């Protein structure tokens, strides 16, 4: 993947790739959409912010990509590891550092 931000389709396809079930996909992807909507509202409240909205959107949409590996029957098992797992996934998939750095 190039250094540019991923497209909506690339983000969604990555979620589908790592989701073990349709239910897991719906749970995590929808959660990421909600986080993104909240972040957008917060950013809108600060019109002079220097935050890159596109980067924020991608970060919100991928922040829990590692959660698929810690889900069992819709419940989180050892969920604290999902951040480390997510970083590994994003690195391995070739995403730019600005997306996976913590």
Problem set entry | Those residues of segment 43-60 which are over 20 Å from the mean Cα position of the chain (by Cα) and either exposed (fewer than 12 other Cβ atoms within 10 Å of the Cβ) or under 19 Å from residue 33 (Cβ atoms) (or both), in sequence order | 44, 45, 46, 47, 48, 50
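Residue 87 - would you say it is in contact (Cβ under 8 Å) with a residue 60 or more places away in the chain and surrounded by 14 or more Cβ atoms within 10 Å (Cβ to Cβ)?
Values: in contact (Cβ under 8 Å) with a residue 60 or more places away in the chain: no; surrounded by 14 or more Cβ atoms within 10 Å (Cβ to Cβ): yes.
Spelling it out, it is not the case that residue 87 is in contact (Cβ under 8 Å) with a residue 60 or more places away in the chain and surrounded by 14 or more Cβ atoms within 10 Å (Cβ to Cβ).
So, residue 33, is that one over 13 Å from the mean Cα position of the chain (by Cα) and free of Cβ contacts under 8 Å to residues at least 60 places away in the same chain or not? Lay out the reasoning, then the answer.
Values: over 13 Å from the mean Cα position of the chain (by Cα): no; free of Cβ contacts under 8 Å to residues at least 60 places away in the same chain: yes.
No, not satisfied.
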Seminar exercise, completed: By residue number, the members of segment 1-23 that are crowded, with 17+ Cβ neighbours inside 10 Å, at pLDDT 95 or above and either farther than 19 Å from residue 98 by Cα or in contact with a helix residue (DSSP H, G or I) (Cβ under 6 Å, 6 or more places away or on another chain) (or both) are 11, 15, 18, 19
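Could you tell me whether residue 36 is in contact with a helix residue (DSSP H, G or I) (Cβ under 8 Å, 6 or more places away or on another chain), farther than 22 Å from residue 98 by Cα and surrounded by 14 or more Cβ atoms within 10 Å (Cβ to Cβ)?
Criteria not met by residue 36.
The values are calculated or read from the model by the stated rules, or taken from the named source; none is laboratory data. Small disclaimer: the values here were computed from a predicted structure and weren't measured. A quick note on method: Cβ atoms are made from the backbone with ideal geometry, for glycine too, and the neighbour counts reach across all protein chains shown.
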